[in-house]
1. Average partner chain C-beta neighbours within 10 Å, per residue of A:64-72?
2. With a 1.4 Å probe, how much accessible area is buried between chains B and A, both sides summed, in Å² to the nearest hundred?
3. Taking a point 7 Å out from Cα toward Cβ as the label site, list the nm distances between B:Asp223 and the same residue in every other copy, smallest first.
4. Taking amide H positions as placed 1.01 Å from N in the peptide plane, with prolines and chain starts having none, which residues 5 or more places from B:Asp14, or on another chain, fall under 5 Å of its amide H?
5. For the pair A:Glu12 and B:Lys202, what calculated FRET efficiency results from E = 1/(1 + (r/R0)^6), where r is the Cβ-Cβ distance and R0 = 56 Å, to the nearest 0.05?
6. Spelling out what I want: for every residue of segment A:215-221, take phi, set θ = phi - 60°, compute 6.51 cos²θ - 1.76 cosθ + 1.60 (Karplus), and round to whole Hz; glycine and proline get x.
7. Below 8 Å, C-alpha to C-alpha, sequence gap of six or more: please give me the relative contact order for segment A:1-133 in percent.
8. Return the residues of segment A:100-123 for which accessible area with all protein chains present is lower than in the chain on its own by 10 Å² or more; set the probe to 1.4 Å and exclude ligands, DNA and RNA.
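The values are calculated or read from the model by the stated rules, or taken from the named source; none is laboratory data. Fair warning: this is a prediction, and the values are worked out from it, not measured in the lab. As a convention, Cβ positions derive from the backbone with ideal geometry for all residues, glycine included, and neighbour counts pool all protein chains shown. To get the accessible areas, we keep the full protein, side chains included, count just its heavy atoms, and leave off ligands, DNA and RNA. Shrake-Rupley method; radii C 1.70, N 1.55, O 1.52, S 1.80 Å.
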Protein chains: 2
Amino acid sequence: MAVKFDIYRFHEIDSTNNYLAKLGREGFPEGVVVVADHQTNGRGRFGRKWSSEESKNLLFSVLLRPTFLNLDEVFVLTFAAGLSAAYAIEGTTGLEVTLKWPNDVLLQGKKICGILLEGSFDSGLLNYVVMGIGMNVNQKKFDETLSSIATSMAIVTGREFDREELLVFFLSHFSSIYDIVRKRDFYSVMKRWREKCKMFGKRIEVNLGNESFSGTFEDVGDDGKLILKTPKGMRYFSAGEVKINVRED
Amino acid sequence: MAVKFDIYRFHEIDSTNNYLAKLGREGFPEGVVVVADHQTNGRGRFGRKWSSEESKNLLFSVLLRPTFLNLDEVFVLTFAAGLSAAYAIEGTTGLEVTLKWPNDVLLQGKKICGILLEGSFDSGLLNYVVMGIGMNVNQKKFDETLSSIATSMAIVTGREFDREELLVFFLSHFSSIYDIVRKRDFYSVMKRWREKCKMFGKRIEVNLGNESFSGTFEDVGDDGKLILKTPKGMRYFSAGEVKINVRED
């Protein structure tokens, strides 16, 4: 039961997620994809700006209608998106990609892809989910503030890539993982995700609004939660609520 | 930390929930309330039409920004809304109101109030929640199809009520329950809710898409889930996914 993708292309758009959320509200079907060369108002998590040099990177959003999921199961789509991005980038570059909880995709330890899931619900049922993806493909330079944490496929490999091919790779990987999600086999999705996560055993700090917790990154549950080993025992954190810092010591 | 309510009144509107969802997307603050004498496109759960005779009933929606809740905790707002409605109707009529899982408010066994929660999230964090309430106040007659399941305060008591006063009652009860929700004391909210639920021990049938389950209504958890006792053991159901029938035998 593969998703049938219907791709809309824009040279410039305010935000591919905003555009698809509108189509989502208007009842458009699952599988509509919006791709843009340039976003005038690209966003990341926590309302942060998502910068991208024009026509260099792959910026797109996918409309989903995962009515088979409960509201507390949406997390699995973030992990499915991260995995699909990792597989697509690995297939294209031949390099190993790692995943950082909850939704970062890293190449050589720097961010290569961002994921932003937005959606709407109605009486505890999902209405639509918009899965936004930004992949740094052919951009060669980043702002001073970003260059220490972000990279691109071109920077790492020294060559340019076909963004269309990368999109097709992503969508085909996502389609097959989405079939696993559809069977509610969250274990298999999270198992694959854990295979690409290199944070286990690392000392991290979890910031939860005003509170912060230090401990060891013990595991990620099949419910997507971060399991932090602290001196006072295990603590569980949902992806939505926290920011984490990894201590490189 | 009471919510400051800001009430917008309309004679006619398509749907108070639709209107507030728009304000929610535009960044309006928590506490905006939209009241309408008449909705041209009033909705209930599962996209069902919500009918109401013009200028007879209390139809309103409240904009919330419960950023302190995780996505899997939104359920508690439905229960908080049901409780507030029950308290408001009891305070006005002096009659006992009961609650039916997950979100029905009953007077003398018939539906007196409907609740529709809609909302949007962004990276696992809630953006806004619109809590829509329809209370049957002064309507004296219902369609044939509805009259066996719906009632109003006027039908039951034989007199009319001030809809404004009822709104103020609701909002003040809700404000104090919302403070409990803010402390994440879901146990206290659910405990109060269970006190007004008369379904315990009843035989019910749970319809979950294609599957259906029969059993005894054992309890409602602090996570809002229905706990059904079946011959094969306890089963847990989320409010979003199911419809239930109570067997009156």
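1. 4
2. 1900 Å²
3. Label point to label point, same position, other copies: 0.5 nm.
4. B:Thr40
5. 0.45
6. Result, ordered by residue: x, 9, 5, 7, 6, 10, x Hz.
7. 25 percent
8. A:Leu116, A:Leu117, A:Glu118, A:Gly119, A:Ser120, A:Phe121, A:Asp122, A:Ser123
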